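Asks: Below are the structure tokens for one structure; questions will follow.
The values are calculated or read from the model by the stated rules, or taken from the named source; none is laboratory data. Because the structure is predicted, anything quoted here is derived from the model rather than measured. Cβ placement follows ideal geometry from the backbone for every residue including glycine, while neighbour counts extend to all protein chains displayed.
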Amino acid sequence: MKDRLLALLFALGALLLFYLLFIGSPAGLRDSVTRPTSDAGDANGYLAARSWLQQQGVRVGSLRERYTQLDEQSPAAAGNLLVVTVPGVERFQTDELAALDRWVRAGNTLLVQAALIDAPAWADERTAEALADLESLTGLEFEQAAAQAPSRSDTAVVADHVVIRAAGSHPLTLGAEVLAVSSAEPPRSWLLRTPSDAFALALASEVQTGEGALFVRQSGSGRILILTTAAVFANSNIDRADNARLLANVVQHSIGADGVMLFDDLRQGAVLGYDVAQFWRDPRLSGSLLVLIVAWLIWVTGGTRLALPPEANAAPSTTDLLTAAGGMLSARLRPAAAAACMYEAFLRRVARLAGAAEARSTEQSAVLWSWLARQPRVSADDRLQLEQWYSAVLANKRVPLRELHNLFLRVDRQLST
């Protein structure tokens, strides 16, 4: 019992080590919240928006490569739309930011959604990363303002939502007067701190704080749109207020005849051809691992013997006796003597077939060989080889026993047919 308990402890230790090395260590695998990607069908994803746009004839794709590959992913040089959500799990590289800037200036649109005024679960406690990503993408800086109490007229509106209202007339906000986003926390106030070499126009503001939430700025022949909430177009909010109308306006005024809308899913961990997070979230993997672990523990603790039982001295079988006798005889019997015994047995079989007496002398053997020579079924080559080896045996010379045995079998078959 002590040995089995020790084996169980070692098995559990090995299992714990496997978990720490292959499952527990990577930070991405500990993230149980689904990331906002274009193929995610839960509350955080954009699958509903993507499917709706595709039904309307808009070309929509998933970007799972660096921005250095944007030109290859865009069918046209201008008139394309890229949607980026920050903070992400994949960091930006200097060369791809330069490629993105050239791509936008060529006449394309960049839409950046930053989790600042809302608090989605996937961006929990990552505000600093969102600010850094937003500045890298747009060149704009935001700073947190002092919290303001909501006005009496807005209290009912913002009871359970972040509400954004259009600030004036603009083609992007035409028919999209109110945007609503569900949030577990009250909206946070952020001020745009515009650098001296940049300008952004506020198109809408959050009603509770009064600060801008939707901005647009020109960049060469293209433009950059900034939303300080990351969930306006999420599956859980796309049907709220005028959210879908805003998305339709952005698509209408950004995508050309040959353009495409791309969701930057790489930034949220969806790499090209293989999604590690999706692999570990697959319930089939968990079920398979559970079955293997249970079967392994049963095998280790109860299905194997910890000590081999003593072997009993069993009596040798007939095959063992014959093998031992054959080995002893082969080690002591000369090949010529063995061949002579094999010829005696063969000639006795021939004598029975010929109806003659057994060959006990040279004359009697000659009679049998003469009868064998008259048999048309026996190959002349086989008969000649038999006679040659027989002469060698009579001269006490060595002959190949295996080939001789096979020759006897072949001649016996010829005589029996």
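Asks: Would you be able to tell me the number of residues in segment 245-274 that are part of a loop (DSSP other than H, G, I, E, B) and within 17 Å of residue 225 (Cβ to Cβ)?
Replies: Number satisfying all stated conditions: 6.
Asks: In the same structural domain as residue 66 (by TED's automatic domain parsing), closer than 20 Å to residue 76 by Cβ, at pLDDT below 95 and of a type in the set (Asp, Glu) - does that describe any residue in segment 265-286?
Replies: Within segment 265-286 (the criterion being in the same structural domain as residue 66 (by TED's automatic domain parsing), closer than 20 Å to residue 76 by Cβ, at pLDDT below 95 and of a type in the set (Asp, Glu)), the answer is no, since none of the residues qualifies.
Asks: Quick one: which of 233, 215 is surrounded by 15 or more Cβ atoms within 10 Å (Cβ to Cβ), outside any loop (DSSP other than H, G, I, E, B) and among the aromatic types (Phe, Trp, Tyr)? Please lay out each step first, then the result.
Replies: Working: 233 fails: outside any loop (DSSP other than H, G, I, E, B).
Going through 233, 215 in turn, the sole match is 215.
To keep it simple, each residue is scored yes or no on (1) surrounded by fewer than 22 Cβ atoms within 10 Å (Cβ to Cβ); (2) charged (D, E, K, R); (3) at pLDDT 95 or above.
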| residue | (1), (2), (3) |
| --- | --- |
| 31 | yes, yes, no |
| 39 | yes, yes, no |
| 56 | yes, no, no |
| 62 | yes, no, no |
| 104 | no, no, yes |
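Asks: What do you reckon, is residue 109 surrounded by fewer than 15 Cβ atoms within 10 Å (Cβ to Cβ), of a type in the set (Val, Ile, Thr) and farther than 15 Å from residue 230 by Cβ?
Replies: Details: surrounded by fewer than 15 Cβ atoms within 10 Å (Cβ to Cβ): no; of a type in the set (Val, Ile, Thr): yes; farther than 15 Å from residue 230 by Cβ: yes.
No.
Asks: So which residues in segment 54-96 are touching a helix residue (DSSP H, G or I) at 6+ places or on another chain (Cβ under 7 Å), assigned to a loop (DSSP other than H, G, I, E, B) and among the charged types (D, E, K, R), if there are any at all?
Replies: Those that are touching a helix residue (DSSP H, G or I) at 6+ places or on another chain (Cβ under 7 Å), assigned to a loop (DSSP other than H, G, I, E, B) and among the charged types (D, E, K, R): 64, 65, 66, 90.
Asks: Quick check: anything in segment 202-222 of a type in the set (D, E, K, R) and closer than 25 Å to residue 33 by Cα?
Replies: Step one: of segment 202-222, the residues of a type in the set (D, E, K, R) are 206, 211, 217.
Next, only the ones that are closer than 25 Å to residue 33 by Cα stay: none.
No, there is no match, as no residue in segment 202-222 is of a type in the set (D, E, K, R) and closer than 25 Å to residue 33 by Cα.
Asks: Among the residues of segment 58-100, how many are closer than 12 Å to residue 260 by Cβ and among the β-branched types (Val, Ile, Thr)?
Replies: 3
Asks: Go over the candidates 391, 317 one by one and state the one that is out of contact with any Cys (no Cβ under 7 Å at 6 or more places or on another chain) and not assigned by TED's automatic domain parsing to the domain that holds residue 412. Walk me through how you get there before you give the answer.
Replies: Working: 391 fails: not assigned by TED's automatic domain parsing to the domain that holds residue 412.
The match here is 317.
Asks: Restricting to segment 372-391, give me the number of residues that are of a type in the set (A, V, I, L, M, F, W, C), surrounded by 15 or more Cβ atoms within 10 Å (Cβ to Cβ) and under 22 Å from residue 361 (Cβ atoms).
Replies: Looking only at that region, the number is 3.
Asks: Yes or no: segment 172-185 includes at least one residue that is surrounded by 19 or more Cβ atoms within 10 Å (Cβ to Cβ), under 39 Å from the mean Cα position of the chain (by Cα) and over 26 Å from residue 43 (Cα atoms).
Replies: Looking for residues that are surrounded by 19 or more Cβ atoms within 10 Å (Cβ to Cβ), under 39 Å from the mean Cα position of the chain (by Cα) and over 26 Å from residue 43 (Cα atoms), one finds none in segment 172-185, hence no.
Asks: Also, quick follow-up: Against the condition of a type outside the set (Gly, Ala, Ser) and within 60 Å of the chain's Cα centre (by Cα), how does residue 333 come out, does it pass? Reasoning before the result, please.
Replies: Numbers: of a type outside the set (Gly, Ala, Ser): yes; within 60 Å of the chain's Cα centre (by Cα): no.
Against the criterion (of a type outside the set (Gly, Ala, Ser) and within 60 Å of the chain's Cα centre (by Cα)), residue 333 does not qualify.
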